[in-house]
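Step one of this worksheet: look at the structure below.
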Ligand SMILES: [Zn+2]
């Protein structure tokens with residue numbers, strides 16, 4: 001008697017990401033019961049074993065684990081494109097918009113970003129923000145998997161506005177304490193909710209944005225609550241300057257002495273870390289989130305990810321923020337990660353496509369502490385799965401034997417628009433590019449109207465006349 005299951009995906013070019021490579025199975029199938037994968041194998045074997053309520057024919061599709069975006073600031077999608085091609089992007093380009101971001105606009109940005117990410121095959125979103133009403137609910141309602149980090153810092157309101165590059169910024173311990181308390185409340189409310197789809201991390205924004213005592217307090221609480229720590233580390237010359245001026249040490253040495261470097265920490269960026277510092281951080285068991293597109297655009301830098309991995313560190317990919325990376329798309333991040341690192345090393349063998357695909361799936365899952373739940377297609381894991389249509393002109397011709405070109409084409413030629421169907425925890429969220437849990441048209445309309453209103457508010461602010469964006473427009477460059 002065949003076993004009854006909910007969904008059987010058949011006839012796929014199946015990339016399970018099991019083992020050391022990509023775990024390819026020709027004419028593969030995935031059996032799903034509830035939120036879990038029951039079995040993975042050949043279509044003929046699984047068809048004989050299972051009777052499915054729904055069969056999804058994946059002929060002509062690559063089937064992969066859902067992609068993981070470890071580090072995002074989804075609300076900034078509402079000001080997509082206001083902060084690139086400038087120096088000191090945070091102060092000179094983003095800050096004026098930050099001043100005029102209302103909670104409703106932030107929520108419209110988050111919803112837009114969830115839509116964008118899902119349509120490009122991202123199923124796990126690692127968001128980092130100061131919470132606003134409806135933030136976590138937006139992920140819950142969309143049905144995606146989310147790893148949410150409420151920002152903790154001691155920066156007084158309006159922190160960066162009026163602050164001059166080179167000056168120490170003021171830290172207010174009361175503000176720090178309030179954000180620690182709020183983050184703890186958030187974690188207690190949301191960690192493990194939506195049947196485990198929504199989990200929380202504990203997030204000091206950066207080591208230069210809290211006192212030493214409060215940074216240690218954050219680690220004590222995170223340890224007690226069993227939470228990972230998600231923190232920007234060595235994220236720019238601004239931070240290194242603050243660290244040297246306030247604490248007399250560069251970031252990696254400071255964190256090492258504080259006992260902050262261990263497997264509990266997901267360190268974001270490492271933009272300004274040297275290869276030696278990256279290796280030291282990796283050897284401690286700390287994980288890394290690499291945001292190639294964002295750091296390339298806002299800083300013109302390729303972080304020392306290869307030194308980190310060569311020292312044994314695990315790396316996840318992140319898309320960061322659309323104000324200055326302009327998109328939240330892991331296909332984009334895979335391609336840029338491979339290209340930037342080849343260029344940096346002047347070596348075409350550096351970062352092959354299969355390795356960046358692992359960083360977007362199984363290695364990313366392990367780096368964010370979800371390696372037992374997601375990241376590969378195997379029995380017992382949660383069914384976060386994407387179908388990518390290989391019949392798109394940019395992915396044709398499709399060869400799987402005697403030679404196979406699917407993985408390099410997914411990394412170097414796909415844009416994300418070829419993603420056809422998406423499942424998270426066994427639930428189909430997008431079928432043939434139709435969104436089933438969220439209202440795409442309403443999200444786009446709301447985002448457009450919120451963005452137009454922000455632009456009006458910023459234009460009425462005297463700070464506007466000094467902005468790089470305005471001079472570029474006046475010069476006919478935009
Ligand atoms: Zn960030």
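Here, P(r) means the percent of Cα pairs in each 10 Å bin from 0 to the largest distance; for the stretch 118-198 it is 16, 39, 25, 17, 2.
Normalising by the residue count of the stretch 6-55, find the relative contact order in percent from Cα pairs under 8 Å and 6+ residues apart. Walk me through the numbers on the way to the answer.
On the way: 93 pairs, mean separation 19.1, N = 50.
The normalised contact order for the stretch 6-55 reaches 38 percent.
Counting every C-alpha pair in the stretch 30-125, the share spaced more than 21 angstrom apart comes to 55%.
Where does the stretch 364-478 land on the Kirkwood hydrodynamic radius, alpha-carbon pairs, in angstrom?
Numbers: mean 1/r = 0.0535 Å⁻¹.
Taking the inverse mean of 1/r over all distinct Cα pairs, the stretch 364-478 comes out at 18.7 Å.
Only helices enter the 222 nm calculation for the chain: every DSSP H run of n ≥ 4 contributes -39,500 (n - 2.57), and dividing by all residues gives -11000 deg cm²/dmol, rounded to 500. The angle between the Cα long axis of helix 237-247 and the longest principal axis of the Cα atoms of the chain comes to about 60 degrees, rounded to the nearest 10. Determine the shape class of the stretch 405-469: with a ≥ b ≥ c the square roots of the Cα gyration tensor eigenvalues, call it rounded for a/c under 1.5, and otherwise prolate if a/b is greater than b/c, oblate otherwise. The shape class here is oblate.
Here each label is just a point 7 Å from Cα along the line to Cβ, and for residue 405 and residue 347 those points are 2.7 nm apart. When each of the peptides 76-83, 289-296, 90-97 is scored by the mean number of other C-beta atoms lying within 10 Å of its residues, the order from highest to lowest reads 289-296, 76-83, 90-97. Counting only DSSP beta bridges whose two residues both lie in the chain, roughly 45 percent are antiparallel. Mean separation of Cα pairs under 8 Å and 6+ residues apart, divided by the residue count of the stretch 68-367: what relative contact order is that in percent? So the answer I get is 21 percent. Here the convex hull built on the C-alpha positions of the chain has a volume of 143 cubic angstrom per residue.
Hey, how many Å between the Cα centroid of the stretch 461-478 and the Cα centroid of the stretch 408-439? Taking the Cα centre of each part, the stretch 461-478 and the stretch 408-439 sit 37 Å apart. Note on 30, 7: ascending count of other Cβ atoms within 10 Å places them as 7, 30, the fewest first. Output the 0 to 90 degree angle, nearest 10, between the alpha-carbon long axis of helix 173-190 and the longest principal axis computed from the alpha carbons of the chain. That works out to roughly 20 degrees.
If R0 equals 56 Å, the separation of the Cβ atoms of residue 241 and residue 396 corresponds to a calculated FRET efficiency of about 0.65. Taking the number of Cβ atoms within 10 Å of each Cβ as an exposure proxy, the fewest-first ranking of 110, 199, 445 is 445, 199, 110.
I'm a student and want to see the number: the projected area of the Cα convex hull of the stretch 316-398, averaged over all directions, in nm². Walk me through the numbers on the way to the answer.
Details: hull surface 29.1 nm².
Orientation-averaged projected area of the Cα hull: 7.3 nm².
What's the angle, to the nearest 10 degrees (0 to 90), between helix 212-225's Cα axis and the longest principal axis of the chain? Between helix and principal axis, roughly 30 degrees. From least to most packed, judged by other beta carbons within 10 angstrom and beginning with the fewest, 412, 24, 260 follow the order 412, 24, 260.
Every number in this text was worked out from the coordinates using simple rules, so none of it is lab data. Just so it is clear, the structure is predicted and the values come from calculations on it, not from any experiment. Methodologically, a virtual Cβ is constructed for each residue, glycine included, from the backbone with ideal geometry; neighbour enumeration extends over all protein chains shown.
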